[in-house]
Each structure stands twice: as C-alpha cells, then as structure tokens.
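Peer 1: The structure's right below; bear with me while I get my questions together.
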Amino acid sequence: MSVLKSFFRQKDTLLGIAAAIAFQLIFVIVWLTGYDGVYDRTDQFSIGIVNDDLEIGEEIVTEIKDRDLFQITEYEQLNNAKENLDKRNINLLIHLPDNMMEQLQNSETVSINYFINQSAPTLTKQMMETAANSLNDQVNQQVRETIDAQIAENIPPMVAAEAPDEELAAVIEEVAGQVVDLVQENTQVHPVNANIEKTNDKEGFAITMVPLLIVLASYISAMLISQYLQITNGKLKQEHGRFSLFFGRQLINILLAAGISLLTVCLMYLFHIELDYHFIALWGIQALLLFSFLAISQFFVMLFGNPGMIFNIALTATQLVSSGAIVPRELLPSFYYELGNLLPATYGVNSYLSLIYGGGNLSADLKHLIIIIVVLLGLALVVQILFSIWDRFKIQKSRVNS
C-alpha cells in the first residue's frame, strides 16, 4: 500500500492517468461528432459539366440539376473544366459530346465521358465512380424515354399511311401503336455508354494510405518531441534564460525536422512509394510539414506545461478528422471543415495527395503551412514575453515583501 500511495502522490502519475482518460474521451467525442451524418452531406460534392450537345444535352443537364444531388458547375471549355478537376475544385467532371441524338438515330455508339481525379481521398474516388454509373443509368432512362416517345409518335402513322383506305389505316395505326408499346416494355436497351476516365491514377492499395500514415506518424513524433523538450526545458531554466531556451529549442526543432524527415523520405523510397518529385524537394516538403507539427504541439506545452499534452491529444483526433485523410472534407460538419482550414494536417494530406498522384495545388498548400508556422512561432514568442514579464513581477513582489 505504501508503494501505491507513493505513486499517487506524484503529479506525473496522476497526469498520466488523466491523459489516458482524456485520450478515450477526446477520440470518441471528436470522431463520433465529426463523422456523424457523413452520408447525409454528399450534396456537398461538386460536379462539373461540359455540355457540347445543344439538343438532348440540355435536357440531361436540367435533369441532373433538378435531382439536386450535388453542387453543379457548368463549364464552356473542356480544358478549363479538366484544370479545375486536377486542382480538386470539383470531384467529378461530365462531358456530354455533340450530336448525341443524331448518333443514336444512326444506331451509332454514344459515350458520355466521366472524369474522376484519383488525387483525392479513397472514399471520394469510390463515391464518384458510383455516382458516375448512377448518373449514366439516369441518362439512359431519360434518353430511352425520349426515343420511345419519338418512336410511338412517328412509327404508327408511317405504317398506317400504307393502308388502302382510312378505316383500315385507323385499325393498323392502333395495332402498330400497341406493338410498339409491347416491344418497348420488353426491351432493355442502354443507348448511352459510360466512359469513366481516371486521371492521375496510381496502382496499389498501400499507396492510398500514405497521406494518413505520414500525417499521423509526423504529428505523434512532434507531440512526443515537444513533450520531452518541455521536460528538459524545465530542468534547464535555472541555468539559462527563458529566451535562450526558446531559441535553442527552435534550433533543435529545425534539426530534428530535417533529420527525421530524411528518414521518412528514405523509408518511402525503400518501400517503393513512387513520387514524381526530386528527393531534395520531398525532403524539404516533409521537413516543413514536420516543423509545422512541432510548432503547434510545442505551443500548448509551453503555455500549459505538461498538462498541455491533453490539448495535443485533442489535436491528434481533430486533425485526423478534419484533414480529409480518412473521410473527404466535403462530408464533414461545417465546424470541422472550417477548423481543418486552420490546422497543418489538412495541408499535409493535400500535399501528399499531390506528391503521390499529381494534381492539386502544392504551392498553395506549402504557403499555408508556412503561414501557420509563422503565426504559431509568433504566438509562442508572445507567450515567452508574457511569462518573462510575470517572472519579473514576481521577483519585484518578493523583494517588496522581504
């Protein structure tokens, strides 16, 4: 019993227990609230349409809009639409070719092109492929109804016109109409094919897990580094000034970000993760991502001390949810979507999707990471200044009291 009492008298023991409980509570609360109602928000996906057919194409576009299943953006030029797809501004691109009805009337094969950018979360790609096939079924039904209406309107009168008298012509027209209806009811025809083209495609399942793996491993590493550096900082504060320790810590963060990122990139090469970028560029991008994680994780332990790790646990869960590494950000509640815009993991996931598959806007993602780093370092420096002022105030107060 005395041993147990000794353990529970130590603050670190209680802090460890509190962290374990917080870990359970935070992950359950964040994940269940973040992923609640995911499939109810599929209307947040954006689909681009390029319509080159001024006849039946207009009807198809109107029908897709009326169903109100997705956000619809119309483009005049296919190249412009493909560029927006490549940058992930839209999730699916539909191209309706010219003269579809004329081709159908001439018994020619008609194909609608569906472009899906593979530089996106796995669930997005799967849902867009399902959506493409579903939309094509709807188009086939609509086209079939149009063709059937034209046949029902034109064929019986044409047959009746060959009759020798009007009375017989009326009978023939009625019978011909019944025959047409019977044939149409028992004929399953799919006049329009779905041509699904996957852009920025890469093979293999393991590669789809890289953005999640790298972001999670990098943030956990940064969180542990910040925690232990904070412990070391506490032991050295009697020997060195607060600002000397702060800037020394940033230098260590830079060195660790460069060293650990070098290991990360080497491991990706070792396991044959194909990235269409130079080794040095990959190293620099990963180092920037890891340093951004170090900047955000150190801020909370600097501000709150060891209890700050509870905030870092919360950030682990929050960043996994809001970054889009597991579930597309379009399907998240607005709170988590907006929060993701402020956290580095979002831009880390986007960067690795661009590095692995291509597409996206890598320069914009790196720019956001740099802004986040600058803001966090600025806030951390402000915290040090405030603590320094507080230290001086306590010293002066103690002198007055003495």
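The values are calculated or read from the model by the stated rules, or taken from the named source; none is laboratory data. None of these values were measured; they are calculated from a predicted model. Methodologically, a virtual Cβ is constructed for each residue, glycine included, from the backbone with ideal geometry; neighbour enumeration extends over all protein chains shown.
Here is a yes/no grid of residues against (1) aromatic (Phe, Trp, Tyr); (2) assigned by TED's automatic domain parsing to the domain that holds LEU362; (3) touching a residue at least 40 places away in the same chain (Cβ under 8 Å):
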| site | (1), (2), (3) |
| --- | --- |
| TYR219 | yes, yes, yes |
| LEU236 | no, yes, no |
| LEU255 | no, yes, no |
| CYS266 | no, yes, no |
| GLU274 | no, yes, yes |
| TYR277 | yes, yes, yes |
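Peer 1: Name the pairs: first residue in segment 310-332 and in a helix (DSSP H, G or I), second residue small (Gly, Ala, Ser) and surrounded by fewer than 20 Cβ atoms within 10 Å (Cβ to Cβ), Cβ to Cβ under 8 Å, at least 6 apart or on different chains?
Peer 2: Taking only residues 6 or more apart or on different chains, the pairs are ILE310/ALA18; ILE310/ALA19; ILE310/ALA22; ILE313/ALA19; ILE313/ALA22; ALA314/ALA22; GLU330/SER46.
Peer 1: Determine which single condition GLY324 fails, assuming it passes every other condition in (1) surrounded by 24 or more Cβ atoms within 10 Å (Cβ to Cβ); (2) more than 18 Å from THR199 (Cβ to Cβ); (3) over 11 Å from the mean Cα position of the chain (by Cα).
Peer 2: GLY324 satisfies all of (1) surrounded by 24 or more Cβ atoms within 10 Å (Cβ to Cβ); (2) more than 18 Å from THR199 (Cβ to Cβ); (3) over 11 Å from the mean Cα position of the chain (by Cα) except (3).
Peer 1: Quick one: which of VAL159, VAL139 is over 30 Å from PHE205 (Cα atoms), part of a helix (DSSP H, G or I) and at pLDDT 70 or above?
Peer 2: After ruling out the rest, the residue left standing is VAL139.
Peer 1: Quick one: count up the residues across segment 261-280 that are in a helix (DSSP H, G or I) and either under 21 Å from LEU343 (Cα atoms) or under 23 Å from the mean Cα position of the chain (by Cα) (or both). Spell out the reasoning first.
Peer 2: First pass over segment 261-280, keeping only residues in a helix (DSSP H, G or I): 261-270, 279-280.
Next, only the ones that are either under 21 Å from LEU343 (Cα atoms) or under 23 Å from the mean Cα position of the chain (by Cα) (or both) stay: 261, 264-265, 268.
Count: 4.
Peer 1: If the requirement is being β-branched (Val, Ile, Thr), modelled with pLDDT of 90 or more and either surrounded by fewer than 17 Cβ atoms within 10 Å (Cβ to Cβ) or within 26 Å of the chain's Cα centre (by Cα) (or both), which of these qualifies: THR124, THR109? Full working, then the answer.
Peer 2: Details: THR109 fails: modelled with pLDDT of 90 or more.
Among THR124, THR109, only THR124 is β-branched (Val, Ile, Thr), modelled with pLDDT of 90 or more and either surrounded by fewer than 17 Cβ atoms within 10 Å (Cβ to Cβ) or within 26 Å of the chain's Cα centre (by Cα) (or both).
Peer 1: Another question about this same structure. Which pairs do you get when a residue that is closer than 17 Å to VAL61 by Cβ, found in segment 72-89, comes within reach of a residue that is aromatic (Phe, Trp, Tyr), reach meaning Cβ atoms under 7 angstrom, with the pair 6+ apart or on two chains?
Peer 2: As it stands, the answer is ALA81/TYR75, since those pairs meet every condition given.
Peer 1: Ok, one more. I'm trying to understand the selection: among the residues of segment 333-346, which are touching a helix residue (DSSP H, G or I) at 6+ places or on another chain (Cβ under 9 Å) and without any contact (Cβ under 8 Å) to a residue 24 or more places away in the chain?
Peer 2: PHE335, TYR337, GLU338, LEU339, GLY340, ASN341
Peer 1: Can SER119 be described as small (Gly, Ala, Ser), loosely packed, with under 14 Cβ neighbours inside 10 Å and either under 30 Å from LEU212 (Cβ atoms) or free of Cβ contacts under 8 Å to residues at least 40 places away in the same chain (or both)?
Peer 2: Judged against the criteria, SER119 is not a match.
Peer 1: Moving on to the next point. Taking only segment 46-90 into account, find how many residues are more than 29 Å from GLY360 (Cβ to Cβ), out of contact with any helix residue (DSSP H, G or I) (no Cβ under 6 Å at 6 or more places or on another chain) and not in a helix (DSSP H, G or I).
Peer 2: 1
Peer 1: Conditions first: (1) over 24 Å from ASP276 (Cα atoms); (2) surrounded by fewer than 19 Cβ atoms within 10 Å (Cβ to Cβ); (3) at pLDDT 90 or above. GLN103 passes all but one, so which condition is the exception?
Peer 2: With respect to (1) over 24 Å from ASP276 (Cα atoms); (2) surrounded by fewer than 19 Cβ atoms within 10 Å (Cβ to Cβ); (3) at pLDDT 90 or above, GLN103 is out only on (3).
Peer 1: Ok, one more. Could you please tell me which pairs satisfy a Cβ distance under 7 Å, a separation of 6+ or placement on different chains, a first residue in segment 134-151 that is on the phi > 0 side of the Ramachandran plot and surrounded by 15 or more Cβ atoms within 10 Å (Cβ to Cβ), and a second residue that is modelled with pLDDT of 65 or more and not small (Gly, Ala, Ser)?
Peer 2: none
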